[in-house]
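In what follows, a single structure is set out as structure tokens and then discussed.
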Amino acid sequence: MSEEKEIIPCLILGSGPAGYTAAIYAARAGLNPVMITGAEPGGQLMITNDVENYPGYPDGIMGPQMMEDFKKQAERFGTEVRFGMGTAVDFSQRPFKIEVDGTKTVYAETLIISTGASAKWLGLESEQRLNGKGVSACAVCDGFFYRNQEVAIVGGGDTACEEATYLSKICSRVHMFVRSDQMRASQIMQDRVLKNSKIQVYWNTETDEILGDDVVEGVRIKNRISEETEEIPVTGFFVAIGHKPNTDIFKGKLAMDEAGYLMTKADSTATEIPGVFAAGDVQDAIYRQAVTAAGTGCMAALEAERFLAAQEAHAEAETKA
């Protein structure tokens, strides 16, 4: 005897601010959402110590606590949170077929993808050990904590230039490490950096080690040509070498840009597959903030609700006909 299909009205893949906000709205709309948390439950905020730029937390909040608050609120309205990871999808027909952990299959009338994007790291042991203790992948999120202090940033693209410029408005000095003898950034972004007296650019430079036991105290760099090393005292170290959207299972299934971010319709979270929506950093290569992710999570839930209502109305009309 075959197992009965589990058909979920609204399935949410991913559990960061976008996913939890979608869950809150979907649950309040009576969609009985089920959330599959993903490999990193809570998303990038789980490695963020202090969050001070999210409305409603006047004294700031620890990232993990904020995500726990989001989870409790989603569950309060009836969201079922399941630990697991989506490993395959089939959008050839509705309900959509989603494989979880490579072993279980569920079906969804609507799917909200909020699997996020993971920061690319240098791969240093000290980088991971001091993550959240002076090491960060988001200058806009954490730059405020280093006001009037010396910091370092690594990267040579538009994001690195933008974040270095942002940090220069807050910090006393910004040491910028570029791996080659030129930047990949657009000329206008390069010009802003090179004309900024508070930013010192180090060419052909690699990060050898981030220094400090409990917090960042400095960085040791190595020139790739001379192989000479130098230690620079800094209190903050920002990695700006890019993000990788968590979209591998959607390759060939949904439209993506060159970097792998899911593409959605203008002023919408809808993908080209009716009933499939994308919210948060998985489709946002520009802002990547908790509050903007939450906003698109809200949009996705509202659009999923309207989609299901339209499907129901269509089915009723066909029945009467």
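The values are calculated or read from the model by the stated rules, or taken from the named source; none is laboratory data. The model shown is predicted, which means the values in this text are computed figures rather than measured ones. We place every Cβ from the backbone using ideal geometry, glycine too, and count neighbours over all the protein chains shown.
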Counted residues in segment 141-183 being out of contact with any strand residue (DSSP E or B) (no Cβ under 8 Å at 6 or more places or on another chain), buried (at least 16 other Cβ atoms within 10 Å of the Cβ) and not small (Gly, Ala, Ser) come to 7
Only one of ILE112, ILE199 is on the phi < 0 side of the Ramachandran plot, touching a helix residue (DSSP H, G or I) at 6+ places or on another chain (Cβ under 6 Å), of a type outside the set (S, T, N, Q) and assigned by TED's automatic domain parsing to the domain that holds THR292, namely ILE112
Exactly one of PHE83, PHE77, PHE70 is in contact with a Phe, Trp or Tyr (Cβ under 7 Å, 6 or more places away or on another chain), without any contact (Cβ under 8 Å) to a residue 60 or more places away in the chain and among the hydrophobic types (A, V, I, L, M, F, W, C), and that residue is PHE70
The condition from (1) in contact with a helix residue (DSSP H, G or I) (Cβ under 7 Å, 6 or more places away or on another chain); (2) assigned to a helix (DSSP H, G or I); (3) modelled with pLDDT of 95 or more that ASP69 misses is numbered (1)
- On the given criteria, is THR264 closer than 26 Å to MET67 by Cα, polar (S, T, N, Q) and assigned to a helix (DSSP H, G or I)? no
Sole miss for ALA301 among (1) part of a loop (DSSP other than H, G, I, E, B); (2) touching a strand residue (DSSP E or B) at 6+ places or on another chain (Cβ under 8 Å); (3) in the same structural domain as LEU31 (by TED's automatic domain parsing) is condition (1)
GLY60 meets each of (1) in contact with a Gly (Cβ under 9 Å, 6 or more places away or on another chain); (2) at positive phi; (3) of a type outside the set (Val, Ile, Thr); (4) at pLDDT below 95 with one exception, condition (1)
Condition set aliphatic (A, V, I, L, M) and buried (at least 19 other Cβ atoms within 10 Å of the Cβ), scope segment 271-297, selection farthest from CYS141 (Cα to Cα): answer is VAL276
Those residues of segment 197-210 that are farther than 19 Å from ILE170 by Cβ and either at pLDDT below 95 or more than 27 Å from the chain's Cα centre (by Cα) (or both) come to a total of 4
Counted residues in segment 230-270 being surrounded by 17 or more Cβ atoms within 10 Å (Cβ to Cβ) and free of Cβ contacts under 8 Å to residues at least 24 places away in the same chain come to 3
